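Trainee: Before I ask anything, here is the structure I am working with.
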Amino acid sequence: MSSHSPPVFPLELERDIFEEAAIRWSEIIPSLLLVSHRVYEWIEKIKYRTVTPRGEFSTCTFATLRRAIQSNLKTPAFFRTHVRHLYVGSPTGDGSEVQEILFACAGIQSLSFIWTNIPPSVLPALSTLRPQRLWGYFDSLLAAKDLCQPMFTVVTHLLLFVGRTDIADWLSFLATFPCLTHLTIVGAEHTLVSHILASFKRLEVLVKHSSISDEELDNVDDRYVTINFHDIVEQWVIGARGGNDSWARAERFIAKKRRGEMQPDWRHWIEDADGI
């Protein structure tokens with residue numbers, strides 16, 4: 001080889017570099033797609049991996065994904081395989097757009113469904129999904145939990161926005177999640193927290209979203225942690241990518257508490273000094 005020849009990376013290393021760049025800095029994905037045919041093949045799969053309403057902290061917007069599905073330029077297997085994390089905001093209309101996307105992206109691993117009134121027409125599409133992480137307003141699913149139960153079968157991490165306060169309904173709903181280990185509740189009263197802790201011993205972590213370090217829960221279980229997070233989309237994306245989200249922080253807090261490293265030992269909220 002001539003001393004003036006440019007260095008040649010092994011193809012596997014070159015692919016790793018481009019894929020890592022696309023994952024870390026999703027805003028450069030459009031430019032990466034123009035580099036070469038082989039780079040396009042690598043990066044296009046990553047482009048649709050994480051979808052949020054307007055592309056916040058993610059690789060793709062909801063509208064971009066929908067246009068790609070409707071173009072029929074990809075096989076159904078493409079979206080089923082490569083769309084892994086989907087955040088649905090507050091759609092308008094009868095839900096047909098969301099239904100179309102859910103049917104096309106049945107391989108979703110994490111789903112955020114921030115929709116206060118889920119139309120009945122969307123329920124069959126939801127029942128085809130098997131996410132491991134699920135976020136949402138599910139008051140409207142309480143009466144339809146049997147229809148959607150297939151979606152709950154492998155969920156390990158669940159975030160609930162609690163609007164209704166009927167404790168029996170929520171306990172019955174949570175009982176349909178056989179693999180649930182991590183639960184976050186937003187907007188719930190302390191009474192519901194106490195009942196969940198008493199009823200679900202298999203839970204490893206129960207996080208209550210709270211902006212204050214309250215002390216209203218007496219004799220609290222050491223699985224319980226209160227955490228405040230400001231940007232829900234960012235928090236969801238961090239968790240979907242395996243980062244240090246509120247559940248990961250809660251796990252570390254619980255471990256330190258059980259080792260006797262928290263003072264006072266009854267504290268159930270994270271402070272800056274904890275280094276978590």
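All of the numbers you see were taken from the coordinates with simple rules; none came from a lab. In this text, all values refer to a predicted model and were calculated from it rather than measured experimentally. Positions of Cβ are backbone-derived with ideal geometry, glycine not excepted, and every protein chain shown enters the neighbour counts.
Trainee: With +1 on each Lys and Arg Cβ and -1 on each Asp and Glu Cβ, how big is the dipole of the chain about its Cα centre, in debye rounded to the nearest 20?
Mentor: Numbers: 28 positive and 33 negative charges, 192 e Å.
The calculated dipole for the chain is roughly 920 debye.
Trainee: Then there is this: Please sort by residue number the chymotrypsin sites (Phe, Trp or Tyr not before Pro) in region 17-68 whose DSSP state is loop and whose Cβ has at most 12 other Cβ atoms within 10 Å.
Mentor: Loop-located and lightly packed - Trp25.
Trainee: Pairs of lysine in the chain with Cα under 21 Å and at least 8 positions apart or on different chains: total?
Mentor: Lysine pairs satisfying the spacing and distance rule in the chain number 6.
Trainee: Over the Cα atoms of region 1-139, Rg to Rh with Kirkwood Rh, two decimal places?
Mentor: That ratio is 1.09, to two decimals.
Trainee: Would you compute, from DSSP H runs of 4+ residues alone, the mean residue ellipticity of the chain at 222 nm, taking -39500 (n - 2.57) per run and dividing by the full residue count, rounded to the nearest 500?
Mentor: Estimated from H runs of four or more residues: -11000 deg cm²/dmol.
Trainee: What number results when the radius of gyration of the chain, computed over Cα atoms, is divided by 2.2 N^0.38 Å? Could you put the intermediate results ahead of the total?
Mentor: Details: Rg = 21.3 Å, N = 276, 2.2 N^0.38 = 18.6 Å.
Scaled against compact globular proteins, the figure is 1.15.
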